[in-house]
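Student: Structure below; questions to follow.
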Amino acid sequence: MILPIRTLGDPVLREPARPITAFDRRLRSLHDDMLETMYAAPGVGLAGPQVGISLRMFVFDDGETGPLFMANPVLDAGAGELREEEGCLSIPGPYHETPRFEVITCRGQDLEGCPIEISGQGLLARIFQHETDHLDGMLFIDRLDDDGRRSVLAELRRIELGLEEPSQKRRLLRRTDG
Ligand SMILES: [Zn+2]
């Protein structure tokens, strides 16, 4: 089942999500719905709060690693810096160059509650940071300077008002939405 994606202004996106304690049938069904919703969007990552579920989990598929589920993720300190265009399914339309660690390791639990650890580089590292931010009530615009944030919000407004179409380049960049 495709779930409605919550967008900027919905308070659930700003709440810290709760840890997952029950790895049960309900969680598996939620996981299936989140994957279906992510692929339909389309996006490369989707966190619980984005579908109104304030639990610490996300699904992702960067085209090489995935589809995978991560519960209760914890990131290591990260290394390097990469500035690349980033978008968010909850802020549909605009993209902006966003600084992230180039390499980062994510530790968490799979659908059965077993520990997993994945090291990500480039896009995968970006996904881990973007989705874990969602679980702390943070959005990628919070990682931008004032000018960057203003430009994203102004573009979002123009798109919402129908004054601007997401460009072809931007449609191609949809791969980076999370
Ligand atoms: Zn996002």
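Student: Out of the stretch 8-31, which residues are out of contact with any Ser or Thr (no Cβ under 9 Å at 6 or more places or on another chain), open to solvent by less than 60 Å² (accessible area, probe 1.4 Å) and of a type in the set (Val, Ile, Thr)?
Tutor: Within the stretch 8-31, just Ile20 meets the criteria.
Student: Hey, Tyr39 hits all of (1) farther than 25 Å from Arg157 by Cβ; (2) in contact with a Pro (Cβ under 9 Å, 6 or more places away or on another chain); (3) assigned to a strand (DSSP E or B) but one; which does it fall short on?
Tutor: (3)
Student: Looking at (1) open to solvent by less than 60 Å² (accessible area, probe 1.4 Å); (2) in contact with an Asp or Glu (Cβ under 8 Å, 6 or more places away or on another chain); (3) away from the ligand (no atom under 16 Å from the Cβ); (4) within 29 Å of Leu156 (Cα to Cα), which is the only condition Ala71 fails?
Tutor: Only one criterion is unmet by Ala71, namely (4).
Student: Something else now. From the residues in the stretch 32-43 that are crowded, with 20+ Cβ neighbours inside 10 Å and more than 10 Å from the ligand (Cβ to nearest atom), which one is nearest to Thr21 (Cα to Cα)?
Tutor: Met34
Student: Give me a count of the residues in the stretch 30-49 that are free of Cβ contacts under 8 Å to residues at least 40 places away in the same chain and either touching a Phe, Trp or Tyr at 6+ places or on another chain (Cβ under 7 Å) or among the acidic types (Asp, Glu) (or both).
Tutor: Of the residues in that region, 3 qualify.
Student: Looking at Gly63, Gly52 in this structure, which one is touching a residue at least 12 places away in the same chain (Cβ under 8 Å), closer than 18 Å to Asp136 by Cβ and surrounded by fewer than 14 Cβ atoms within 10 Å (Cβ to Cβ)?
Tutor: That would be Gly52, the only listed residue that is touching a residue at least 12 places away in the same chain (Cβ under 8 Å), closer than 18 Å to Asp136 by Cβ and surrounded by fewer than 14 Cβ atoms within 10 Å (Cβ to Cβ).
Student: Right, next: So Phe58 clears everything in (1) out of contact with any strand residue (DSSP E or B) (no Cβ under 9 Å at 6 or more places or on another chain); (2) within 13 Å of the ligand (Cβ to nearest atom) except one condition, right? Which one?
Tutor: (1)
Student: Another question, if that's okay. Farther than 18 Å from Leu68 by Cα and in contact with a Lys or Arg (Cβ under 9 Å, 6 or more places away or on another chain): which single residue out of Arg18, Arg6, Arg14 fits that description?
Tutor: Just one listed residue meets the conditions, Arg18.
Student: In the stretch 20-33, is there at least one residue being hydroxyl-bearing (Ser, Thr, Tyr) and either closer than 27 Å to Ile159 by Cα or under 14 Å from the mean Cα position of the chain (by Cα) (or both)?
Tutor: no
The values are calculated or read from the model by the stated rules, or taken from the named source; none is laboratory data. Being a predicted model, the structure only gives us computed values, none of them experimental. Because the Cβ atoms are built from the backbone with ideal geometry, glycine has one as well, and the counts that use them run over all protein chains shown. Heads up: the accessible areas ignore ligands, DNA and RNA and are worked out on the full protein's heavy atoms, side chains in. Shrake-Rupley method; radii C 1.70, N 1.55, O 1.52, S 1.80 Å.
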